[in-house]
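Undergrad: Before I ask anything, here is the structure I am working with.
The values are calculated or read from the model by the stated rules, or taken from the named source; none is laboratory data. Since the structure is predicted, the reported quantities are computational estimates derived from the model, not experimental observations. Ideal geometry is used to build each Cβ from the backbone, glycine not excepted, and the neighbour counts take in all protein chains shown.
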Amino acid sequence: MEVTVSILPEQFDHVIGVDTHKLTLTAAVVGANGGCLQVREVAANSKGHAELLTMAATFAGRRLWAVEGTGSYGASFVDSLLAAGETVTEIDRPKRPARKRGKSDEIDALRAAREVFSLKRLNPPRSRGDREQLRILLATRAQFVKQRTELANQLSHLVITASETLRAKLLDTSSRSHACERLARRCLAARTCGAMTDEDRTRLMVMKNLARLIHDLTAIADSYECRQKALLNKMAPGLLAQPGVGVVSAAQVVAAWSHHGRVPTEAAFAAIAGVAPIPASSGQTVRHRLNPGGDRRLNAALHFIVLNRCRYHQPTKDYMARRMSLGKTTREVRRCLKRYLARQLWKFLNGLDKG
């Protein structure tokens, strides 16, 4: 059995746990033995940041800040700590079952500080700068694409339920496909005529408005994708040249990986991606099952890359055929490919110039 060795006695004299919220920050200082030395609540602004740094300076020795929510409410506070040369580790927020004995900001700050005693290594916050730009573009583009899909479904429904006169203007009789961009262009090009009823005129007006929104969302999503491509060529040159790797999938991989040292091993990266197999053996049955944990957006990105390789990459197609001839199912082979892909991408990203 692996024994967890605390990093605290060897590296730090005090740990300051911080529970972050929109308006307040609560900090709890503990010593090397886990005893609480001081608790303080400040405003979540630059003045409050300075107050916590001043408080920390009263404790001699090496300090470690254990901060919750480094990517949300604690983001600006972490920037202040790093600018001051402090050492920061990210602490996950507690799950609901861990709060059976009560909850308060002070309790959460103490828990964050004492959780460091179980760590074997520091968990540095995700990098900002280019990586944060990539994350913002990814998240916002995903929302716009989702909205475009909803609008396209609504537009398609309006066309299907329209009168035959209006449908004939909009549907392509030579194709059964109702691609949203083609349908939007037809709606924008359609004109009213004297034979239309008031219902058709109102329907066409609404469809034109929906088509304009779809066109605008498509243009914005494409511009975000171009910006992501430029950032990827800067942050991870050569990644887009890997087989099956597209712009959005590559951006998700780089955003999850963040920077050198964030993910220490390829096994850890596989665990984050939810592609590390979980033992599910019992009795004489030896098997592994799908890992439902990890970052599901990263898992989806690996899945899309594997699907592309299964279709266009000949070595992957040969591997699929060989494993399926041994009795593996398509899903099982894809799981293996996702695990191998996680290892390959981690090695590629960590092989990049750290500068």
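Undergrad: Which of the following residues is in contact (Cβ under 8 Å) with a residue 40 or more places away in the chain and over 30 Å from Ser258 (Cβ atoms): Arg135, Arg203, Arg141?
TA: Arg203
Undergrad: Does the range 114-142 hold any residues that are among the small types (Gly, Ala, Ser) and either modelled with pLDDT under 80 or part of a loop (DSSP other than H, G, I, E, B) (or both), and which are they?
TA: Result: Ser127, Gly129.
Undergrad: If we only count helices (runs of 4 or more DSSP H) wholly inside the range 1-113, which ones have 3 or more residues that are at pLDDT 90 or above and under 31 Å from the mean Cα position of the chain (by Cα)?
TA: By residue number, 46-57, 75-83.
So that you can scan it fast, the table gives a plain yes or no per residue for (1) surrounded by 13 or more Cβ atoms within 10 Å (Cβ to Cβ); (2) under 30 Å from Lys229 (Cα atoms); (3) over 32 Å from the mean Cα position of the chain (by Cα):
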| position | (1), (2), (3) |
| --- | --- |
| Pro125 | yes, yes, no |
| Leu134 | yes, yes, no |
| Thr140 | yes, yes, no |
| Ser156 | yes, no, no |
| Cys180 | yes, yes, no |
| Ala184 | yes, yes, no |
| Cys187 | yes, no, yes |
| Asp198 | no, no, yes |
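Undergrad: So, in the range 259-291, of the ones that are among the small types (Gly, Ala, Ser) and in a loop (DSSP other than H, G, I, E, B), which residue ends up farthest from the chain's Cα centre (by Cα)?
TA: The qualifying residue farthest from the chain's Cα centre (by Cα) is Gly283.
Undergrad: Suppose we filter Val306, Val263, Val275, Val286 for residues that are touching a Phe, Trp or Tyr at 6+ places or on another chain (Cβ under 8 Å) and either at negative phi or loosely packed, with under 13 Cβ neighbours inside 10 Å (or both); which single one remains?
TA: Just a single option satisfies the conditions, and that option is Val263.
Undergrad: Report whether or not Arg111 is touching a helix residue (DSSP H, G or I) at 6+ places or on another chain (Cβ under 9 Å), surrounded by 13 or more Cβ atoms within 10 Å (Cβ to Cβ), of a type outside the set (A, V, I, L, M, F, W, C) and within 30 Å of Leu64 (Cβ to Cβ).
TA: yes
Undergrad: Taking Gly294 and the conditions (1) surrounded by 16 or more Cβ atoms within 10 Å (Cβ to Cβ); (2) part of a helix (DSSP H, G or I), which numbered condition does it fall short on, given that it satisfies the others?
TA: If we test Gly294 against (1) surrounded by 16 or more Cβ atoms within 10 Å (Cβ to Cβ); (2) part of a helix (DSSP H, G or I), just (2) comes out false.
Undergrad: Also, quick follow-up: Suppose the filter is within 24 Å of Ser258 (Cα to Cα) and not charged (D, E, K, R); does Ala276 pass it?
TA: Yes: the conditions hold for Ala276.
Undergrad: Here's something else I'd like to know. Could you look through the range 317-355, keep only residues that are touching a residue at least 24 places away in the same chain (Cβ under 8 Å) and aromatic (Phe, Trp, Tyr), and pick out the one that is farthest from Leu302 (Cα to Cα)?
TA: Phe348
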